[in-house]
Amino acid sequence: MAELKLFGTWFSRFGQRIEIALKLKGVKYEFIEEDLNKKSLLLLKYNPVYKKIHVLLHNGKPICESLVILEYIDKTWEGPSIWPRDPYEKATTCFWAKFFDEKFGILQELAGLQVFTKEKFPNVGEWIDEFHNCSIIKENLPPEDKLAAHFQAHFRAVAASK
Ligand SMILES: N[C@@H](CCC(=O)N[C@@H](CS)C(=O)NCC(=O)O)C(=O)O
């Protein structure tokens, strides 16, 4: 039987996109929760370049970086497409995925910033609402208040350590 393990943390948006992709494809996997303050030797072994989550381990072969992992999942398993099939649409989707990765997400709210408001970007706002209303997404995203509490505690700890 194929071995499939995902090294990650419950609160990471990068990991949530990977878990949602695996669930959309109907693929079973084992989730290995990492402590980012004390990374496992396996994580360091499988991602020696960045030493970061996420790593998808498929039959002993590690795949790193969430967007690369999404590509791998899409090509490896049957089921609904994760990426658009049209090359131009795919390139555009990839561009925006990278753009959002490098910006805030929930962190923008905690920092008191509102970069992507519905007023400024109605199409993006509509897409975000549609995304959150999809049942497989709703069932697999941790509650926003739990995420907010986690990141607030994290930022307080960072500030206290300075
Ligand atoms: N570009 C990477 C980002 C991965 C990333 O930033 N991982 C964070 C957690 S969300 C991490 O492992 N941080 C620990 C560290 O930087 O030491 C991806 O898309 O997978």
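Coordinate-derived values only; no laboratory data. Here the structure is a predicted model, which is why all the values come from computation and not from measurement. A quick note on method: Cβ atoms are made from the backbone with ideal geometry, for glycine too, and the neighbour counts reach across all protein chains shown.
LEU6 passes all but one of (1) under 24 Å from GLU139 (Cβ atoms); (2) away from the ligand (no atom under 12 Å from the Cβ); which number fails?
Condition (2) is where LEU6 drops out.
Being in contact with a strand residue (DSSP E or B) (Cβ under 7 Å, 6 or more places away or on another chain) and more than 22 Å from ALA2 (Cβ to Cβ) is true for just one of TYR72, TYR29, TYR88, TYR50. Which residue is that?
It is TYR50.
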